[in-house]
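Quick notes on the structure that follows.
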Amino acid sequence: MGGAAAGTKWIRHIQRLSAAKVSAEAVERGQSRVIDASLTLIRERAKLKAELLRALGGVKASASLLGVPLGHNSSFLQGPAFAPPRIREAIWCGSTNSSTEEGKELNDPRVLTDVGDVPIQEIRDCGVEDDMLMHVISESVKAVMEEEPLRPLVLGGDHSISYPVVRAVSEKLGGPVDILHLDAHPDIYDCFEGNVYSHASSFARIMEGGHARRLLQVGLRSITKEGREQGKRFGVEQYEMRTFSKDREKLENLKLGEGVKGVYVSVDVDCLDPAFAPGVSHIEPGGLSFRDVLNILQNLQGDVVAADVVEFNPQRDTVDGMTAMVAAKLVRELTAKISK
């Protein structure tokens, strides 16, 4: 079910409850029970995985997958809500081995664990609106971070999820992070189409909240006057594709995170040229090659404390799941960057 259809379903459900003279308090109690149950499941799964890793020993940090299948804040197509299971399927499909390029084994739980998905649609179907939904996402991320040595590697979903995830990381660590953001778009509109939680406004919310010291945006090639003005307002370092050949050496030798709580990496799959990743909602020719992205990520110097991979749209992917494999490879290489 698409996000719009799900939203309509819960609105009608609330209307029926109101018609039946069910009190607002009763509805809120029911919503709270669903939220509590959702957070408990994430929390207990994270605790179990972390206990295993602590028993094994020798682990400073392990990437832990957390799916956030949210698509209703997309301004165009809502297919990214279906991405997390497709990415997991591609990671473990058997068409390639389980090693990262530097030789870390994904089959080793000290490298990669999985705590499941935040049940976004189930929560929305109870009438929970976005203010509370963003809180639930943040609390889910914190639940993972509470269990050393787990570090969240979040599977989106549209790019609106980056705001509650980064907020949680910053709040949990006690200060701002540096962010490396790879994307065709800056996603820094003040309030795109009247939606403060739009996937096109996530980094405006992050910067307003003081959750990032530095924000580097790489791969930009669809940026408006407002996008540039907002970038200047927040001191964002914006690298557009039209100057990538000049910027390449710098971007492939980044050093981030000194003096702050670490580095957060956000990869929108549409940072890639559509020749490499056609399964995205917003197809923007002239993007990065896959090896460009890997060079940037693999050469990045800094302590990566969390990351996300967002905006893969399975509904626009090729029949053989080409973009799912691309997203899975991004997850694999981010896992190598996080785990130690």
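The values are calculated or read from the model by the stated rules, or taken from the named source; none is laboratory data. These numbers come from a predicted model, not from an experiment. Here Cβ is always computed from backbone atoms with ideal geometry, including for glycine, and neighbour counts include all displayed protein chains. The accessibility values were calculated without ligands, DNA or RNA, using every heavy atom of the protein model including side chains. Shrake-Rupley method; radii C 1.70, N 1.55, O 1.52, S 1.80 Å.
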Mean separation of Cα contacts under 8 Å (at least 6 apart) over the residue count of the chain, i.e. the relative contact order in percent, is 22
Listed by chain and number, the lysines with an alpha carbon less than 24 angstrom from that of Lys246, same-chain partners under 8 positions apart left out, are Lys225, Lys232, Lys255
Listed by chain and number, the lysines with an alpha carbon less than 19 angstrom from that of Lys261, same-chain partners under 8 positions apart left out, are Lys60, Lys142, Lys172, Lys337, Lys340
Expressed as a whole-number percentage, the relative contact order of the range 105-178 with C-alpha contacts under 8 angstrom and at least six residues apart is 27
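How much of the accessible area of the chain, in percent, comes from carbon and sulfur atoms when a 1.4 Å probe is used? Please report the intermediate quantities before stating the final value.
Numbers: 7000 of 13880 Å².
Within the chain, the accessible surface is 50 percent carbon and sulfur.
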For Asp114, the net charge from surrounding residues (Cβ-Cβ under 12 Å; K, R +1; D, E -1) works out to +2
Note, the range 92-108: 3J(HN,Hα) by Karplus (6.51, -1.76, 1.60, θ = phi - 60°), whole Hz, Gly/Pro = x, goes 10, 6, x, 6, 9, 7, 9, 9, 7, 5, 8, x, 6, 9, 5, 5, 7
Rounded to the nearest whole number, the Stokes-Einstein translational diffusion coefficient of the chain at 25 °C and 0.890 mPa s (Kirkwood radius, C-alpha pairs) in µm²/s is 122
Placing each pseudo-label 7 Å from Cα in the direction of the beta carbon, Arg54 and Lys246 end up separated by a distance in nanometres of 5.2
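Per residue, how much accessible area does the chain show when a 1.4 Å probe rolls over the protein heavy atoms, in square angstrom?
Details: 13880 Å² over 340 residues.
With all protein chains present, the chain gives 41 Å² per residue.
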Of the residues Gly259, Gly210, Leu297, the Cα lying farthest along the dipole of the chain towards its positive end, which is defined by charges on the beta carbon of Lys, Arg, Asp and Glu, belongs to Gly259
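Take the alpha carbon gyration tensor of the range 150-195, find the square roots of its eigenvalues, order them as a ≥ b ≥ c, and report rounded if a/c is under 1.5; if not, report prolate when a/b exceeds b/c, else oblate. Write out the running numbers ahead of the final one.
Numbers: a/c = 1.84, a/b = 1.61, b/c = 1.14.
The shape class here is prolate.
Evaluate the charge dipole of the range 67-129 about its Cα centre and quote only its size in Debye, nearest 20, assuming +1 on the Cβ of each Lys and Arg and -1 on the Cβ of each Asp and Glu. Provide the component values of the computation, followed by the final result.
Numbers: 5 positive and 10 negative charges, 18 e Å.
Taking the Cα centre of the range 67-129 as origin, the dipole is about 80 debye.
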Straight-line reach check, Lys250, cutoff 18 Å on alpha carbons, 8 or more apart in-chain or any other chain, hits among aspartates and glutamates -> Asp178, Asp183, Glu237, Glu240, Glu258, Asp292
Under the 7 Å Cα-to-Cβ spin-label approximation, Ala26 and Glu237 lie apart by a distance in nanometres of 5.7
With +1 on the Cβ of every Lys and Arg and -1 on the Cβ of every Asp and Glu, the dipole magnitude of the chain about its Cα centre, in debye rounded to the nearest 20, is 380
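State the antiparallel share, in %, of DSSP beta bridges confined to the chain, rounding to the nearest 5.
Details: 3 of 39 bridges.
About 10 percent, rounded to the nearest 5.
Please give the direction-averaged projected area of the C-alpha convex hull for the range 62-125, in square nanometres with one decimal.
That works out to 5.6 nm².
Full extension from Asn295 to Glu89: what is 0.36 nm times the residue separation minus their Cα-Cα distance, to one decimal in nm?
On the way: separation 206, 0.36 × 206 = 74.16 nm, distance 2.50 nm.
Separation in residues times 0.36 nm, less the Cα-Cα distance, equals 71.7 nm.
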Asserting the computed 222 nm helical MRE of the chain (DSSP H runs at least 4 long, -39500 (n - 2.57) per run, divided by residue count, to nearest 500) equals -13500 deg cm²/dmol
Quick calc, the range 155-203, dipole around Cα centre from Cβ unit charges on Lys, Arg (+) and Asp, Glu (-), nearest 20 debye, gives 220
